[in-house]
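Student: Submitted below is the structure of interest, expressed as structure tokens.
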Amino acid sequence: MILDCYQCSACYFEDKEPSTRIDPATISQSQPRMDFRDVLVIFVCMELYDDRQELMQAAEEFGALSDLIGKRPIVLCPNVHLSIDRAPERQASWLIAELEKMLVAKGYDVHCLSFGYHKRYGMECNGNVGSVVGRRFYGTEEKQFLRLLTRLGVCPPDSLPDSMPAWAKSLTERRLKVLASRKETYRVAKQMLRDQLDAAGDSELWTCMLFEGERQPVDDYLSALYEIIEDYPDVKIHRAMNLSVSGFSNAARHLFRKYPEVIESGRLRIYNSQVSDIEFLLTRTAVLLAFPQIPKKAGSHAGEISFGIYCKNDDFSKNLIQWYRTFLVDSRFGWIRTESELNTVISELEEEQFQDRAEDLEREK
């Protein structure tokens, strides 16, 4: 649940038209224009997995808020646009009604605005700009993380907090380590690689834009990859590359010509990836996400690494292998097995870029 709060000396709200994107049965009766003075306006968005626990927490905190700014009437305005993880309409309308009841029971004068309408409104405030009281997010760490997992496709959309996979507890139990600098991120990455290359038996690496966001990304990547292929024949590498970038598409063609037997045997597996703002390294025992300081621009590689997030946990890593396949790898093309398939993929991506540029030019006209 998200509450966006404003202290207003005067405000008005007016229903314009009902939404066409939600279940008509959940749309409440239209209200005439309503004017208020000296109120606390709260834009409220109910999210997936919200229940009475979040409502009770919010209602309790209004006591502290009243001590801060004084007790005044509350205007509750549904605002679905505060979150992309919004609750279904029936759940959201019921929860907002329950929140209203809780606040009334605590002695607040509450005005709940209609649900399911596009609104015209205006607010006048004294004091600081907008008289923003604050934006507050409610929900346990487990619920917040489950929203992320469903958004990434790791868990089904109808998953419940109690059904969160056991490996996900690696995050909620704070086993993640934040690497606050580029130097520390590189140190961990090199150690992860060394652990795999020195391991006895078969090793496997899953990579995406593996530390390519530096001065000469393609050259750095190729030199490291050549070393692994030539000196460590028991290591299997899954390599996701953004083939819409000419430097990487040319590098992929070179790999198919330089190591045809390695690719044919499956030791080196090439994929297309549409990911543009993270670098990723996964082994069977650890995972590292590295984030660039400057987001990747279209047609170029990522910027210099700024910080990383690292987790060393066997169960967590094992389950992220599936996430790699479904999220980081372009599912339209999958594993690219031959140079002929590679050329077809690159041609399709080039055609997509051409069409996108044509559409952009058309819009500019």
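The values are calculated or read from the model by the stated rules, or taken from the named source; none is laboratory data. If you're wondering where the values come from, they're calculated on a predicted model, not measured in any experiment. For neighbour counting, all protein chains shown are included, and Cβ atoms are generated from backbone atoms with ideal geometry for every residue, glycine included.
Student: Out of (1) touching an Asp or Glu at 6+ places or on another chain (Cβ under 8 Å); (2) within 19 Å of residue 61 (Cβ to Cβ), what's the single condition that is false for residue 26?
Tutor: (2)
Student: Does the range 83-127 hold any residues that are within 20 Å of residue 13 (Cα to Cα), acidic (Asp, Glu) and at pLDDT below 90, and which are they?
Tutor: Listed by number, the list holds a single entry, 124.
Student: Shifting gears a bit: Any residue in the range 169-191 that is at pLDDT 70 or above, among the hydrophobic types (A, V, I, L, M, F, W, C), under 22 Å from residue 313 (Cα atoms) and part of a helix (DSSP H, G or I)?
Tutor: The answer is yes, given that some residue of the range 169-191 is at pLDDT 70 or above, among the hydrophobic types (A, V, I, L, M, F, W, C), under 22 Å from residue 313 (Cα atoms) and part of a helix (DSSP H, G or I).
Student: Test residue 240 against the stated conditions and say whether it is under 20 Å from residue 324 (Cα atoms), out of contact with any His (no Cβ under 8 Å at 6 or more places or on another chain) and not acidic (Asp, Glu).
Tutor: yes
Student: Please state which one of 195, 202 is over 28 Å from residue 331 (Cβ atoms) and either in the same structural domain as residue 321 (by TED's automatic domain parsing) or modelled with pLDDT under 70 (or both).
Tutor: 195
Student: Restricting to the range 307-320, and then to whatever is at pLDDT 80 or above and part of a helix (DSSP H, G or I), can you tell me which residue is surrounded by the most Cβ atoms within 10 Å (Cβ to Cβ)?
Tutor: 317
Student: Going by the structure shown, is residue 20 farther than 17 Å from residue 110 by Cα and surrounded by 14 or more Cβ atoms within 10 Å (Cβ to Cβ)?
Tutor: Judged against the criteria, residue 20 is not a match.
Student: Any residue in the range 75-90 that is more than 26 Å from the chain's Cα centre (by Cα), more than 30 Å from residue 159 (Cα to Cα) and not in a helix (DSSP H, G or I)?
Tutor: Scanning the range 75-90, I find at least one residue that is more than 26 Å from the chain's Cα centre (by Cα), more than 30 Å from residue 159 (Cα to Cα) and not in a helix (DSSP H, G or I), so the answer is yes.
Student: Which condition number in (1) of a type outside the set (A, V, I, L, M); (2) within 25 Å of residue 184 (Cα to Cα); (3) crowded, with 18+ Cβ neighbours inside 10 Å is the one that residue 330 fails?
Tutor: Single failed check for residue 330: (2).
Student: On to the next question. Which one of these is assigned to a helix (DSSP H, G or I), among the β-branched types (Val, Ile, Thr), in the same structural domain as residue 186 (by TED's automatic domain parsing) and free of Cβ contacts under 8 Å to residues at least 40 places away in the same chain: 237, 229, 263?
Tutor: 229
Student: Could you tell me which of the residues 350, 364 is touching a helix residue (DSSP H, G or I) at 6+ places or on another chain (Cβ under 9 Å) and either farther than 18 Å from residue 290 by Cα or in the same structural domain as residue 285 (by TED's automatic domain parsing) (or both)?
Tutor: One residue alone meets the criteria, 350.
Student: Just to verify a result, which residue in the range 24-67, among those that are of a type in the set (D, E, K, R) and part of a helix (DSSP H, G or I), is nearest to the chain's Cα centre (by Cα)?
Tutor: The residue in question is 54.
Student: Right, another one. Quick check on the range 240-258: of everything there that is in contact with a helix residue (DSSP H, G or I) (Cβ under 6 Å, 6 or more places away or on another chain) and outside any helix (DSSP H, G or I), which residue is surrounded by the fewest Cβ atoms within 10 Å (Cβ to Cβ)?
Tutor: The residue in question is 244.
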